[in-house]
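Heads up: the structure comes next, in structure tokens.
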Amino acid sequence: MEKTDIKNLTLQYLEAYISGLGKERFRAKQIFKWLYQMDAMSFDEMTNVSKEFRAVLQERAEISNLIPEAVEASADGTRKYLFRLKDGSAVESVLIPDEGRNTLCISSQVGCAMQCAFCLTGTFGLERNLTTAEIVNQVCAVKREHPVNNIVFMGMGEPLHNLAGVIPAVKILTDPDGFQLSTRKVTVSTSGLVPEMAELGRGCTVNLAVSLNATTDEVRDQIMPINRRYPLKELLAACKAFPLPSRRWITMEYVMIRDLNDTLEDAKRLVRLISNIPSKVNLIPFNEHEGCGFKTPTQESIDRFHKYLLDKNVTVITRSSRGGDISAACGQLKGKLDRKDEAD
Ligand code: SAH
Ligand code: SF4
């Protein structure tokens, strides 16, 4: 019999699992706290659970974990973790310190199926979905070394292409008996899978970020194939309908690519597109990578774009590229170590 990995279970499912084994449901909360607040690695550590029941759990269930295979530190403080999974594939997580707070960027899939033209992760295709346990274990592993204040699903993969793994993970991260993160501190980023946006909103409470990246269907079709299925009009309607945590806005991510979407006309169209959606804009200057012909915009066009949005009272930040020296920046994750020695 294969053991149940209890890190795949939300509190609700853990309660059902425990009562299925003939125990009181409230034991589930105790076990949940051991897993996510005390970082227990074995059932034996759970001293407020009877020895007999620990033995039952030991026999039927397991507590999985991820150990970083490699950690690379950037000159700017960003740290990139490489995790080897059971089947030999690998994913990456990136810890980004900023003004005393740490944001952890986690992966939801090995690779990605969406094939955005500017994204390195996308060029490898989708290998497989991560399990809920593999998603939360990225957080467990990094938390052993550094406090984690914020979580963004912006690593490898399209989280909305793996809702079965992601929704339970969000629940565990935001559960008051689990990781105890505020729902305002967890953000799921999507390239724009419209029906799944609604499903995410029904399944859990979480912040949403949308990789908009273009202001016309013509350009978006060209760089994000998903747009041919769900064009801008449908995407923006889904944004408007999304049930955000209170006092929150949708984050519109906008990767700026030289001579493609970086003009003042784009800035004007962007303001019009998002005018009736509570949102803020994250400008991300394109991070260049080998094998991709796109170029990062000039500082001048970034500044012009940024200033136009500000003048129109749009909340905007231009994301400084972090961790570029260790290939940890947006769109540079490929789940492999940089083999500088091989290139020599
Ligand atoms: N699949 C999800 C989340 C992961 S991608 C999504 O697309 O939203 C996280 C962000 O990195 C997205 O906003 C994407 O547009 C951006 N990105 C991808 N490649 C990039 C690159 N080369 N330079 C800058 N940003 C990039
Ligand atoms: Fe996938 Fe997001 Fe990269 Fe597009 S930008 S290929 S959706 S990871």
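The values are calculated or read from the model by the stated rules, or taken from the named source; none is laboratory data. The shown structure was predicted, so the numbers you read here are calculated from the model rather than taken from an experiment. Heads up, the Cβs are rebuilt from the backbone with ideal geometry, glycines too, and the neighbour counts pull from every protein chain shown.
Summary table
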| read-out | value |
| --- | --- |
| Selection count, the range 88-131, where residues are part of a loop (DSSP other than H, G, I, E, B) and either more than 8 Å from ligand 2 (Cβ to nearest atom) or basic (Lys, Arg) (or both) | 11 |
| Given (1) surrounded by fewer than 21 Cβ atoms within 10 Å (Cβ to Cβ); (2) more than 16 Å from ligand 1 (Cβ to nearest atom); (3) within 21 Å of residue 196 (Cα to Cα), number of the condition residue 145 does not satisfy | (3) |
| The range 123-139 - residue that is over 15 Å from the mean Cα position of the chain (by Cα) and within 14 Å of ligand 1 (Cβ to nearest atom) and, of those, surrounded by the fewest Cβ atoms within 10 Å (Cβ to Cβ) | 125 |
| Members of the range 225-237 that are in contact with a Leu (Cβ under 9 Å, 6 or more places away or on another chain) and either under 19 Å from residue 277 (Cα atoms) or not β-branched (Val, Ile, Thr) (or both) | 227, 229, 230, 232, 235, 236 |
| Matching residues in the range 297-329 - criterion: being of a type outside the set (D, E, K, R), in a helix (DSSP H, G or I) and modelled with pLDDT of 95 or more | 299, 301, 302, 305, 306, 308, 309, 310 |
| Residue among 259, 177 that is on the phi > 0 side of the Ramachandran plot, away from ligand 1 (no atom under 14 Å from the Cβ) and assigned by TED's automatic domain parsing to the domain that holds residue 305 | 259 |
| Enumeration of residues in the range 76-87 that are part of a loop (DSSP other than H, G, I, E, B) and out of contact with any Gly (no Cβ under 9 Å at 6 or more places or on another chain) | 85, 86, 87 |
| Selection count, the range 211-227, where residues are of a type outside the set (Ser, Thr, Tyr) and in contact with a helix residue (DSSP H, G or I) (Cβ under 6 Å, 6 or more places away or on another chain) | 5 |
| The range 184-201, subset free of Cβ contacts under 8 Å to residues at least 40 places away in the same chain and touching a strand residue (DSSP E or B) at 6+ places or on another chain (Cβ under 8 Å), residue farthest from ligand 2 (Cβ to nearest atom) | 185 |
| Qualifying residue in the range 68-88 (condition: within 21 Å of residue 207 (Cβ to Cβ) and out of contact with any strand residue (DSSP E or B) (no Cβ under 7 Å at 6 or more places or on another chain)) | no |
| Lone unmet requirement of (1) in contact (Cβ under 8 Å) with a residue 24 or more places away in the chain; (2) surrounded by 13 or more Cβ atoms within 10 Å (Cβ to Cβ); (3) closer than 17 Å to residue 136 by Cα for residue 34 | (1) |
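Conditions (1) among the charged types (D, E, K, R); (2) in contact with a helix residue (DSSP H, G or I) (Cβ under 6 Å, 6 or more places away or on another chain), marked per residue:
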residue	(1), (2)
239	no, no
242	no, yes
246	no, no
258	yes, no
265	yes, no
280	yes, no
295	yes, no
300	yes, no
306	no, no
